[in-house]
């Protein structure tokens, strides 16, 4: 996959580039701020842009805003936003109407190289990768919710992994069960929450996230 | 720069004499003169109106006190009095340039009766009453003086014009029984009187300004805080400043401790694991043992990251600065182990106010999770005029206190530091209500 990296810390930028290179991706451009990202995406049309939220000049959320702009200008470029901290509100802004090709992860997740590379691949292929902490926040907010209370603990686990954007195979691997069992859990969850059966992983992620955001 | 000068007691440089003369003679052209004159003329009419309203309500409420009607009338009188005082303060600020702060005690919370009693027993209310009573005679006096000086000044100023247009160029004044006591027969005489009128305008201007300043002083005394109140306020501010400094110091120590005990220890462990792994790789050790050490180091590194992130969030949550209270409090609520219902109804505020409101909620929620044994919490934040009200209510066991040095105690100091109030109402058996009122300007 062809990757553009937007990250102002040189240490992390070079580290990411090396990690992605070793993972078999091609880093076509490395930039250090929001406008740089927009230009690089226009010039290179990469498969995925990996963006830090905090960048110069204000060090608040310019990465997020640049990501939203890139999304409008080049909808085919997937975006993976990395952040020092994750908040459900930012996730909502980033996802907007479609979770296709969107990732929002804590920077720490880079440390689990295998998981991180899998997330990059998933997002680059049009999937989603939402940080478990965001999902936990979403679930925390809907705690008093009646339909959620009907889910079994296992079903809640499956729901959380679905919200993170994992495929059936990914969920099955994570929970050490068969894919068939996962499918059974998922149809039960959709029935209990009253969600229409969604086809394909992307639509499913969006359905679950929309439900959780209430 | 100005502050330094004031502290060092250096006077501003003296104005050149020409400027000073102009300042004295030019008073009739100064807008402040006309504001003061307008104020003094109108104060009689305000005095009559306020007096009529207040004295009617006051006497009626006393007369009808035996039957229940007296009480609401009395309440109405107090409310009217507050509004009148508010108008008068604003009016004195605009016209006389007198900045008079509100002298009232903070409003009582709770039933209508308690709030009313709080207002009725506030000495400031009765000083307002006194002001309305003296405004009538004072206003009448000001009206008479100002009318007389200005009309005499203007009449004299008009004499030359009058003289020129009068048939026969002859004007007589103060006629008694057909005998004129003052006759203007020549242009020089007319011009002399005109000049006198001009000078009298300057006098009238300074009389108006002087009376205005005098009235401002009276208004300040009756509508503003008393010297004792001001002294108490200075003491309270000094104490609160000292506590704020202490709190900041304690906070720095806590951050230092957290860094040392948390992330730094983890990084030491990580470096140790990596060091051992390196040693073993140098020899020909069991690859399995090296792998275990590296895995352990990896875990330590990730835990250090989590601790650093939590620590940073505890110092200042970035989402608060970026997206405001609603987003930050929702995130807090989502992390709380006890279900929290959040209602935030305010636009973006000054960052110290947002920050204190956030930490009040954060600390209250931490306490709920630790001690309250509650099953639900509601957080309400709303704007009431120029105050931000923050309320955290749980259904737990109660018995919470604002202990000095405790989490809530430190917050009470921070709240007091911006002139707010923090009240904890937590009877044994619950429920606990933590309520903060923060002034937030407009």
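Evaluated against (1) within 12 Å of chain A (Cβ to nearest Cβ); (2) loosely packed, with under 15 Cβ neighbours inside 10 Å, residue B:272 falls short on exactly one condition, (1). For segment A:133-160, filtered to residues that are farther than 24 Å from residue B:378 by Cβ and surrounded by fewer than 16 Cβ atoms within 10 Å (Cβ to Cβ), the residue that is nearest to the chain's Cα centre (by Cα) is A:157.
Which one is nearest to residue A:104 (Cα to Cα), of the residues in segment A:154-175 that are part of a helix (DSSP H, G or I) and either within 14 Å of chain B (Cβ to nearest Cβ) or in contact with a strand residue (DSSP E or B) (Cβ under 9 Å, 6 or more places away or on another chain) (or both)? Restricting to residues being part of a helix (DSSP H, G or I) and either within 14 Å of chain B (Cβ to nearest Cβ) or in contact with a strand residue (DSSP E or B) (Cβ under 9 Å, 6 or more places away or on another chain) (or both), the top hit is A:164. Only residues that are under 21 Å from the mean Cα position of the chain (by Cα) and surrounded by fewer than 16 Cβ atoms within 10 Å (Cβ to Cβ) were counted in segment A:176-194, giving 0.
Among the candidates A:95, A:102, the residue that is more than 10 Å from chain B (Cβ to nearest Cβ), touching a strand residue (DSSP E or B) at 6+ places or on another chain (Cβ under 6 Å) and free of Cβ contacts under 8 Å to residues at least 40 places away in the same chain is uniquely A:102. Among the residues examined, residue B:419 does not qualify as touching a helix residue (DSSP H, G or I) at 6+ places or on another chain (Cβ under 9 Å), assigned to a helix (DSSP H, G or I) and closer than 24 Å to residue B:316 by Cβ. Going through (1) at pLDDT below 90; (2) within 30 Å of residue B:253 (Cβ to Cβ); (3) surrounded by fewer than 20 Cβ atoms within 10 Å (Cβ to Cβ) one by one, residue B:412 falls short only on (3). Taking the numbered list (1) within 14 Å of another protein chain (Cβ to nearest Cβ); (2) surrounded by 14 or more Cβ atoms within 10 Å (Cβ to Cβ); (3) under 35 Å from the mean Cα position of the chain (by Cα); (4) at negative phi in turn, residue B:367 passes all entries but (1). Selection within segment B:304-320: residues that are surrounded by 16 or more Cβ atoms within 10 Å (Cβ to Cβ) and touching a residue at least 12 places away in the same chain (Cβ under 8 Å). The member of this set that is nearest to the other protein chains (Cβ to nearest Cβ) is B:319. Here residue B:378 passes the criteria (1) more than 13 Å from residue B:320 (Cβ to Cβ); (2) buried (at least 18 other Cβ atoms within 10 Å of the Cβ); (3) touching a strand residue (DSSP E or B) at 6+ places or on another chain (Cβ under 6 Å) except the one numbered (2). I want to confirm something. Restricting to segment A:61-90 and keeping residues that are free of Cβ contacts under 8 Å to residues at least 12 places away in the same chain and farther than 24 Å from residue A:135 by Cβ, which single residue is farthest from the other protein chains (Cβ to nearest Cβ)? Residue satisfying both the conditions and the ranking: A:75. When the residues of segment A:38-60 are filtered to those that are part of a loop (DSSP other than H, G, I, E, B) and under 22 Å from the mean Cα position of the chain (by Cα), the one that is farthest from the other protein chains (Cβ to nearest Cβ) is A:45.
Does residue B:286 satisfy the condition of being over 28 Å from residue B:342 (Cβ atoms) and exposed (fewer than 14 other Cβ atoms within 10 Å of the Cβ)? Yes, satisfied. A single entry from B:238, B:264 fulfils the requirement of being within 30 Å of residue B:126 (Cβ to Cβ) and either buried (at least 16 other Cβ atoms within 10 Å of the Cβ) or free of Cβ contacts under 8 Å to residues at least 24 places away in the same chain (or both): B:238.
Considering segment B:363-409, the residues that are without any contact (Cβ under 8 Å) to a residue 40 or more places away in the chain and part of a helix (DSSP H, G or I) include one that is nearest to residue B:243 (Cα to Cα), namely B:409.
A count restricted to segment B:410-427 and to residues that are farther than 11 Å from residue B:357 by Cα and touching a residue at least 24 places away in the same chain (Cβ under 8 Å) stands at 10. Restricting attention to segment B:330-356 and to residues that are in contact with a strand residue (DSSP E or B) (Cβ under 6 Å, 6 or more places away or on another chain) and over 14 Å from residue B:438 (Cβ atoms), the residue that is farthest from the other protein chains (Cβ to nearest Cβ) turns out to be B:345. In a residue-by-residue description of segment B:430-439, the property of being surrounded by 14 or more Cβ atoms within 10 Å (Cβ to Cβ), within 21 Å of residue B:317 (Cα to Cα) and touching a residue at least 12 places away in the same chain (Cβ under 8 Å) applies to at least one position. You will find that of B:394, B:425, the residue that is surrounded by fewer than 15 Cβ atoms within 10 Å (Cβ to Cβ) and touching a strand residue (DSSP E or B) at 6+ places or on another chain (Cβ under 7 Å) is B:425 and no other.
For segment B:137-155, which residues satisfy the criterion of being farther than 25 Å from residue B:193 by Cα and crowded, with 19+ Cβ neighbours inside 10 Å? Once the filter is applied, which keeps residues that are farther than 25 Å from residue B:193 by Cα and crowded, with 19+ Cβ neighbours inside 10 Å, segment B:137-155 yields B:138, B:139, B:142.
The values are calculated or read from the model by the stated rules, or taken from the named source; none is laboratory data. These numbers were taken from a predicted model, which means no experiment stands behind them. Ideal geometry is used to build each Cβ from the backbone, glycine not excepted, and the neighbour counts take in all protein chains shown.
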